Amino acid sequence: MNAADTLAAAGLRGSDTLAPPKERRTVLNQEDFMSLLSAQLRFQDPSKPMEANDMVAQMAQLSMVSGVSELNTGIADLSASLNSSRAAQATQLVGRDVLLDGEATLLPLGGALTGAVNLGADAADLKISIYDSAGRLVRQVSLGHQPAGLVRFAWDGSLANGAGAAPGYYRVYADPGTGAAVPTLAAARADSVLLGADGQAVQLVLEGYGVTDLGAVKQVM
């Protein structure tokens, strides 16, 4: 008996194909819940009908499941809307200078270290002190009298002996003349934006600093 005869004996034709099995679900949805409740009511014992309290409890469960589903959908929509809003805000920063925490301020190769300090009051003689990664003071620059507010500064990397400092990251502090160190902000140019995907936050690509969270921006110049 050949293959065709075998199929014929089984009531099949050579062109017949077997349908793939349906995918089994492991979670009941709202429609399943209603079907089960309807079947429970239809086949209940007439001598022992379902109590009204039980009915109300099951309907409450159904409402809760539906409410949670709608809440999850609402949260997802809100998250997408917030990401879109943040992306729109971030794109407006491209090409502009932004200010970051000055704990690590970059002195680029062939460029200048740039930053700013927020003064709460006028400074009689504002001094900018620059420290290397080992905590050594490498240069102090006097900016003289400065009014209250945002004061920008730049250091070209020149040392007191005329040599040039090595490119890299430095810690910069300001002294408005009180003898107390005031934290500074690092300035950087925003080159582009990385749009968040799968719940990831929108990020900025900053010249010299690489990818940075949008929340790290303290001020826009």
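Calculation over all alpha carbon pairs of the stretch 88-157 in 10 angstrom steps from 0 returns a P(r) of 16, 43, 31, 9, 0 percent.
Looking at the calculated P(r) for the stretch 105-221, what percent of the C-alpha pair distances fall above 18 Å? So the portion of pairs separated by more than 18 Å is 55 percent.
Just the protein heavy atoms count here, and of the accessible area of the stretch 116-204 at 1.4 Å, carbon and sulfur take up 50 percent.
Extension gain, ARG152 to GLU103: 0.36 nm times the residue separation minus the Cα-Cα distance gives 16.0 nm. A full extension of the chain between LEU159 and ARG136 corresponds to an added length of 7.0 nm, given 0.36 nm per residue minus the alpha carbon distance. A 1.4 Å probe over all protein chains sorts THR114, THR105 by accessible area into THR114, THR105, starting with the largest.
Here the stretch 131-181 is treated as a sphere whose radius is the Kirkwood value from Cα pairs; by Stokes-Einstein at 10 °C and 1.306 mPa s it diffuses with a coefficient of 126 µm²/s.
The values are calculated or read from the model by the stated rules, or taken from the named source; none is laboratory data. Because the structure is a prediction, the values reported are computed rather than measured. These accessible areas exclude ligands, DNA and RNA; they are computed on the full protein's heavy atoms, side chains included. Shrake-Rupley method; radii C 1.70, N 1.55, O 1.52, S 1.80 Å.
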